[in-house]
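Notes to accompany the following structure.
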Amino acid sequence: MMETKAPVSSAVHYDSKEVELRLLAFWDKERVYKFDPEQKGEIYSIDTPPPTVSGRMHIGHAFSYAQQDIIARYKRLRGFNVFYPWGTDDNGLPTERLVEKLKNVKGSKMDRQAFIALCEQTRKELLPDFIADWKRIGVSCDFSMSYSTIDANCRRISQWSLIDLNKKGRFYRKNAPALWCPLCETGISQMECQDAEKPSTFNDIVFKVDGMELIIATTRPELLPACVAIFAHPNDDRYKKLIGKKAVVPLFNHEVQIYADGRVDPSKGSGIVMCCTFGDQTDMQWYLAFNLPLKEAIAKNGKLTALAGKYQGLSVHDARKAMLADLKSAGLLRHQKPIQHPVKVHERCQTEIEIIQSKQWFIKYLDLKEKMIEWGSELRWHPDFMVHRYNNWVNGLQWDWLVSRQRFFGVPMPVWYCKKCDEAVLADEKNLPVDPLIDQPPIKKCKCGSTEFVPEKDILDTWVTSSMTPKLAAELLPAKYRSKVFPMSLRPQAHEIISFWLFNTLFKSEIHFNSVPWRDVALSGYVTDPQGEKMSKSKGNIVAPETVLAKYSADALRYWAGGSKLGEDIAYQEKELVAGDRFVKKLWNVAKFIAPQIESFDSKGKVSEVLDFWILSRLAQTISAAAEAFDHYEYSKARMVIDQFFWRDFCDNYVELVKNRAYEGSAAEKLSCQVALLACLSAVVRLMAPFTPFICEEVYQLYLKSREGVKSVHLSGWPVAPKVDESAEKVGEVVLAVLAAVRKKKSEAKVSMKVPLKRLVIECSVDISAALDDLKATVNAERVEIGKASEEVVPGVKVTAEF
RNA sequence: GGACCCGUAGUUUAGUGGCUAUAACGCAUCCCUUACACGGAUGAGGUCGGCAGUUCGAAUCUGCCCGGGUCCACCA
């Protein structure tokens, strides 16, 4: 660290910018957060969420990473050997989309290798700036231990995961209907779907049955060419007589059978429905249950196929318009009713999803629902009700996990196919990672005798890699230490990705390692704007962390983040940042008062005065209450009790009460409060270090380091609680009540607090004589006596104060 | 439609059966007291969403209702 300035000559005002940047450099240089597996202390390992390299850190990141860092710093102070590695998520669709945007290219129109190279290059360009944002808010990861989800080791582990799943009979390839994003042109999984409320229209369209009109309502007329059947409810009297007959599809004139099935809702639309391959999941169920033919009207790029005849090549949207126009002019469109309905969209691009048949790789897990619920119950959830979200998701699972992606930049599928019989050949474990486009398959000859293989071009869903983060983190260490950090102690993450990241990681860990991946899960909420609206670019209510940091300190930002409970969303409120900065200044100022008091005194000195015993007793309670809260991940509660002690007991009252003694007292009287002042300051900087690491470090460096000899407050250990002294506490309570009463008198008289009192009489059952000197000086009374008094200020305490 | 969370001063919030319901911001009045005016002291402000019940006693427990939110499902 740069030479610290002498305490006395330090700036009157605290310059957070200067201090924070200086301390960041100091922590870096001194490797304060370096993880050493050989160091003593029980390991506490954190499965850090690897953020996606996409532009910059947003306020939600700042919020949740600050929260997890508060936990990490607390554990470090408690003497745990904290394994807190860093990672970035930079493979697959998010990175591709970012690169396409930044470099103005289209992955599908470029040479594959060139596009991958461009992605790699862009990632490297962005990374240093990207990480700097996290460092700036004081994230105490060991950044020398980081993975990138596209690096060779991560590719190896992802591919190994599939090979292991394959061994366990959970990896399969199937030509089946699957969720498909026509914009990204890839199959996707259920977890990547989102619901979007979109306007649509119920169109009453005329089919013909035996020459008679049959009106069917549909929102998707463009699927008419893919219509393969018609369904009505078996008990629906309106349509009973039609069951078993054939209907003619308008515009396309092919015949389809009319069936009865209980899945039809008679009250919806016309109560009779056309089944197309595929309009929705019910269509898919009917397709399977009734063995219906497959008619593909929509191609993988979202355009209509040759099956659509003259509509071929139109987009879904355009085809819908064109067909409706044609139906109308043919008199086959009877009625249109506008509706709002939810549509599945791809969460990355908001494109409406289609169900399209294709050959894809899946991970089989639908058979494991019961097990999954059991695994979920083995975790300690914070807050505990979040387990419901998990259970709800598991119970609602309907698809196996589709993991192949028809994209370019990501972890390659470690698979080749026999050119002749299409048998899949998986890579050999010992050759990983592989790229089938470059590397050769592990066998020379297929079972069928063919020696020619074609590489799989698809890549893996990013979640295949992300779901391995505990393993990715552990493998940053030499092999002999890996079992020490797994299962990990904590997974901190946002609650909205329980169904993605948490679920997948838990599943994989149980299947691969037969173990939970972590013991504790801490779910953070997200940041809303001051009105409680979710922040989003489209609403224009985004608050950028750099804007906040331009105005407030990183300590203030963390103080704000530390004020919310786990799992609770928080509104961005400037006043919380103001409060954070106020705390920083207060600590700075009180430290400046204490500094000369503790500059030199016998460190073996003892406390002898009752009020000093009182504050130490309060400190002791604060330390244990804070620890209790922290141990349950209730850091906001910890912050509250520390704040209350520091502000009310210590600054507003104790310091005022002992000031006179500190300046004017006898050597023994001075020594007593010096010992207490030092103990309090030394404890407060440790207690608050998880929240406001910068100011606490600065105060520690300036005033405490030379006494204590540890290089950083963050390595200095949790404060040791002094003895609780109940009789001193009783005295303290009375003294505080009297002090408040006198202050009130003076306020009512509208005079300065230093205006002298002629006489102060106190009546109470507690013997407070030992505190009278301090009290007398603080209220500036000429005489203080114990005796009959007139005014009850709190139960059992009466006071008479005369000017 | 299913599940879950939340509703306490103007705002944010503490408080899971018991003293007169917390605190911060804001507001009002006063005070330049040698750590801090980037501060301090004092004060005003709440029928704890509503109704009913359990209980000696309910912000707290139960039921119903109202309001806000999230996740999941619904996509004809």
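The values are calculated or read from the model by the stated rules, or taken from the named source; none is laboratory data. On a predicted model such as this, the values are computed, not experimentally measured, just so you know. Neighbour counts run over all protein chains shown; Cβ positions are idealised from the backbone, glycine included. Remember, those area values only see protein heavy atoms, side chains included, never the ligands or the DNA or RNA. Shrake-Rupley method; radii C 1.70, N 1.55, O 1.52, S 1.80 Å.
Just a few scattered comments:
- Against chain A, whose longest principal axis comes from its Cα atoms, helix A:59-77 is set at around 50 degrees.
- Crossing angle, helix A:726-748 versus chain A [Cα axis fit, 0-90 degrees, rounded to tens]: 90 degrees
- Within the accessible area of segment A:1-125, the carbon and sulfur atoms contribute 54%, probe 1.4 Å, all protein chains present.
- Legend: residue pairs A:Lys208/A:Lys321; A:Lys174/A:Lys484; A:Lys168/A:Lys369, Cα-Cα distance threshold 28 Å; pairs beyond threshold, A:Lys174/A:Lys484.
- Surface composition of segment A:391-516: carbon plus sulfur atoms hold 49% of the accessible area, using a 1.4 angstrom probe and ignoring ligands, DNA and RNA.
- The share of accessible area on segment A:127-167 that comes from carbon and sulfur is 53 percent, using a 1.4 angstrom probe.
- Where chain A is the region considered: accessible area per residue in Å², 1.4 Å probe: 43 Å²
- Farthest toward positive dipole pole in segment A:570-643 [+1 Lys/Arg, -1 Asp/Glu at C-beta], among A:Ala571, A:Ser600, A:Val610: A:Ser600
- Highest average packing first - A:599-608, A:227-236, A:714-723, A:275-284, Cβ atoms within 10 Å: A:275-284, A:227-236, A:714-723, A:599-608
- Contact order, relative form, for segment A:348-476: 24 percent (alpha carbon pairs under 8 Å, 6 or more residues apart, mean separation divided by residue count).
- Remark on segment A:48-135: Rg and Dmax equal 16.4, 55 Å (Cα only).
- Antiparallel beta bridges, as assigned by DSSP with both residues in chain A, represent about 70 percent of the total such bridges.
- Think of each Lys and Arg Cβ as +1 and each Asp and Glu Cβ as -1; about the Cα centre, that makes the dipole of chain A roughly 1360 debye.
- Of all aspartates and glutamates in the structure, those lying under 12 Å Cα to Cα from A:Lys371, and not within fewer than 8 positions of it along the same chain, are A:Glu510.
- Segment A:663-703 - Rg over Rh from alpha carbon coordinates, Kirkwood radius: 1.14
- On the principal axes of its alpha carbon atoms, segment A:374-497 extends 57, 40, 27 Å, with the longest extent given first.
- Relative contact order of segment A:471-555, pairs being alpha-carbon contacts under 8 Å that are 6 or more residues apart, as %: 25 percent
- Packing rank of A:779-788, A:518-527, where each peptide gets the mean count of other beta carbons within 10 Å, highest leading: A:518-527, A:779-788
- Relative contact order of chain A, pairs being alpha-carbon contacts under 8 Å that are 6 or more residues apart, as %: 14 percent
- Listed by chain and number, the aspartates and glutamates whose C-alpha is less than 16 Å from the C-alpha of A:Lys798, apart from same-chain residues fewer than 8 away, are A:Glu733, A:Glu763, A:Asp767, A:Glu785.
- By the equivalent-ellipsoid construction on the alpha carbon gyration tensor, chain A comes out with semi-axes of 67, 32, 22 Å, ordered largest to smallest.
- When chain A is described by a simple charge dipole with +1 on each Lys and Arg Cβ and -1 on each Asp and Glu Cβ, the residue from A:Leu304, A:Pro795, A:Pro412 located farthest towards its positive end is A:Leu304.
- Within straight-line cross-link reach of A:Lys101, lysines at Cα separation under 20 Å, skipping those fewer than 8 residues along the same chain: A:Lys109, A:Lys124, A:Lys537
- Helix A:574-598 and the long axis of chain A differ in direction by around 30°, with both axes built from C-alpha atoms.
- Put simply, when A:15-26, A:489-500 are sorted by average Cβ atoms within 10 angstrom per residue, most first, you get A:489-500, A:15-26.
- Pairwise alpha-carbon distances in segment A:722-803 exceed 14 Å for 59% of all pairs.
- Distant-in-sequence amide H partners of A:Met110 (H built 1.01 Å from N, under 5 Å): none
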